Every structure is written in structure tokens, then in C-alpha cells.
């Protein structure tokens, strides 16, 4: 029985990057031996075990054979005769097929170390096409290593295009799609993830709403004509310098949906907000997005333009805006929304300004209201619920009118 460190841990060690999770491959063992040694089996599909002390994953060396569609359509074979090299060559990329033994020696049957030095993401074999989820993983790794100068091998990109053409992407679950997307959004260059998906044709299948943004011209961006989608990806990259929050980054990516529906004339004769709501909700349901991300996308698409013109709104409209974005219960929404508004301005013109006076003004109004209008006192002075609501709204509007005169 031999144990080897494999995968991302070895790759990141060679790149002098942080190692978050360590995965191990075990050869010359059986499930019975692992259980006798105190390892705990997890899952039913693969022979993966948790170490009794470190709780790290130890997997028996295995080989796979394609028997169906999608990333689950595999037959797995594992026994004590399967070698480490056989296990490594079934993996996706050469840089992920390197092992490290207990003596500190590297086992590299696919020349992954060479590709690390070349800064190349290269597939191991034609079996790469068997698993459509590899498109997402390669796109995510392209984003993760973009700041180091990594690129995707030309032949690997051709295989990714073939996977899309063969219709394999329809077998990817929403959980898989969002899991890889969320990881990509946390990288230094999340825009690369979507650029790679667009280059291989996967963006139109997995994110058709975002892909449609590339069909609209943005004539105001730095004085040159590019698509709205391209300017939004530039904005997504700028957002990485200002926030690490996934919901803000994804809301920035999705903020052009109102323009998209206007462009398609979907709003003619219909209720604009209702159609925009349905458009976003359908996307979020298909991707099974977390509710907090869905809500921020809805709020950003519906209300950011109002914050840009906050000085032209009446006090009644501003107070109603506070209610609509539920800022009384969730004051943290203010910073997120104002940051998105600031980034949206960049996506339209291409010029970034550190100052966003409309956002500062909006936040100052809210916190002044919260400090000076005491809800408890209004409740004590009223006899019924209707009077409380009316008096509270009236007090807030009157305060806003007076505050705006002296601000």
C-alpha cells in the first residue's frame, strides 16, 4: 500500500501558491483494508475515504470508462492492481496529473511540470471530451491562473468546442454550473471565466442571458464601439479591486438585462418592471442561484438608475426607495447597491471615478433618517397600526425635505 499527494495541492506547491485542500491517492489497497485502518468511507459512487485524524480525502486509484451522457455517465473500476500512472492519466489536465510520493519525488507521466513552466492548460488525452464539466473547470482554472500568465492550449480549446457542439452541456446540473461559476467569481480575473466560455460556445448554452449582452453595441465606452457584454466584463474585472463579494460581482455582470430587453423591444406595450422581474427570476431558477444573489440582481437592475438620479427624486420617492430595497432591515444593502451603481457607470463610459457623490448622498440620507426618526416614539404616540405607518412615513418625508434644504 502506497499513498501519494495528487491534484491541485501538488500543482499549487509547484507554483508556490497556497494549498487549501490536499487530496491523496492510495495504491495497492482495497476498501476493506481502508476500513480496517480506521478510514471512513464517503459516498457510494467512488472509493473515497476520510482520514481518521486529518479528515482529508484518500481515494483508491481507479480507472473510468464512459458508458453514458454527462459527467456522471462513467463506470468506475478500482482494485489493488491499478497503478498510480493509470489513475493520473484519467484526469483532465496535465498540470493536475502530478503526484508527490512520501520521499518528496514527483511522478509526472503527462509532463505536467513542463506545462506549468510553459504556463499552459493542456488536456491529457481525447478522453477529455467524455466529461462536459471539464469545460467549466478549465475556464475556472484559466481565471484562477490568469494573473500568472496561463493560457489554454489551442488543441484543448478545440476539444472544448467539440463538447459544446455534441450537446453534452445539457447534462450538466445547475449545482455543478453554479459551483464552478462561484469559484471563478472569487478569483482575481473572473472575467476570463466568461471569456473562455464564450470562446468555446458554452456561454450561449449555460448563460444565454449574459451571452445576449454581446449583441448590443456600447458606443460610449472610451470613445470606441464595443459590445455591452465586453464592457461589462471589463467592469467585472474592475470590481475585483473593490470587493470580494460574489453577489456584488455577479450582480455587476447581470446589470445590463434591462438594456437587453429594451433592445429586443420586449417592453413595448408591457409593464417594464414585471418583464424584467420574470427575465431575472427565470435565469435564477434555472441556475438555482442562492436567494441573496437573486435579490441583489433584482434590486440592482430595478433601482440603480434611480440612485444615479437621486438628486432629482422627490422625498416621497426616496423614502419609498428605502422601503423597496428593504434597507431598514438590511442596511448592508446600501453599500452593495452603491458600489454596483459606481461600477455600472464605468461599464457605460469606460472611465472609473473613485468618487460617487450620488451614492454618498443616498447613504447619508438614510443614516440621518435612522438617527433622527425614532420609531419607538411614534409607536407610543399612536393608537392603531394604520396611524403608526402613516405617521412614520410622514415624519420621514418631512425630515428628508428639511435635510435636503440644508445639505
Residue 293 being more than 21 Å from residue 242 (Cα to Cα), in a helix (DSSP H, G or I) and at pLDDT 85 or above: no
Looking at (1) touching a helix residue (DSSP H, G or I) at 6+ places or on another chain (Cβ under 7 Å); (2) within 27 Å of residue 305 (Cα to Cα); (3) part of a loop (DSSP other than H, G, I, E, B), which one does residue 187 not meet, given that it meets all the others? (2)
Count, please, the residues in segment 116-157 that happen to be modelled with pLDDT under 95 and not in a helix (DSSP H, G or I). 3
Filter pass, residue 329 being loosely packed, with under 15 Cβ neighbours inside 10 Å, modelled with pLDDT of 85 or more and outside any helix (DSSP H, G or I): yes
Hey, can you tell me all the residues within segment 42-57 that are farther than 19 Å from residue 9 by Cα, in contact with a helix residue (DSSP H, G or I) (Cβ under 7 Å, 6 or more places away or on another chain) and free of Cβ contacts under 8 Å to residues at least 24 places away in the same chain? none
Out of curiosity, is residue 381 loosely packed, with under 12 Cβ neighbours inside 10 Å and in contact with a helix residue (DSSP H, G or I) (Cβ under 8 Å, 6 or more places away or on another chain)? yes
Selection from segment 157-176 of residues touching a residue at least 60 places away in the same chain (Cβ under 8 Å) and either in contact with a helix residue (DSSP H, G or I) (Cβ under 6 Å, 6 or more places away or on another chain) or buried (at least 19 other Cβ atoms within 10 Å of the Cβ) (or both) yields 168, 172, 174, 176
Go through (1) over 20 Å from residue 238 (Cα atoms); (2) surrounded by fewer than 14 Cβ atoms within 10 Å (Cβ to Cβ) and name the single condition residue 369 misses. (2)
In segment 2-41, anything closer than 25 Å to residue 104 by Cβ, in a loop (DSSP other than H, G, I, E, B) and touching a residue at least 40 places away in the same chain (Cβ under 8 Å) is listed as 7, 15, 28, 29
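The values are calculated or read from the model by the stated rules, or taken from the named source; none is laboratory data. Owing to the predicted nature of the structure, the values given are computational and were not obtained by experimental measurement. Glycine gets a Cβ as well: all are built from the backbone with ideal geometry, and neighbour counts include every protein chain shown.
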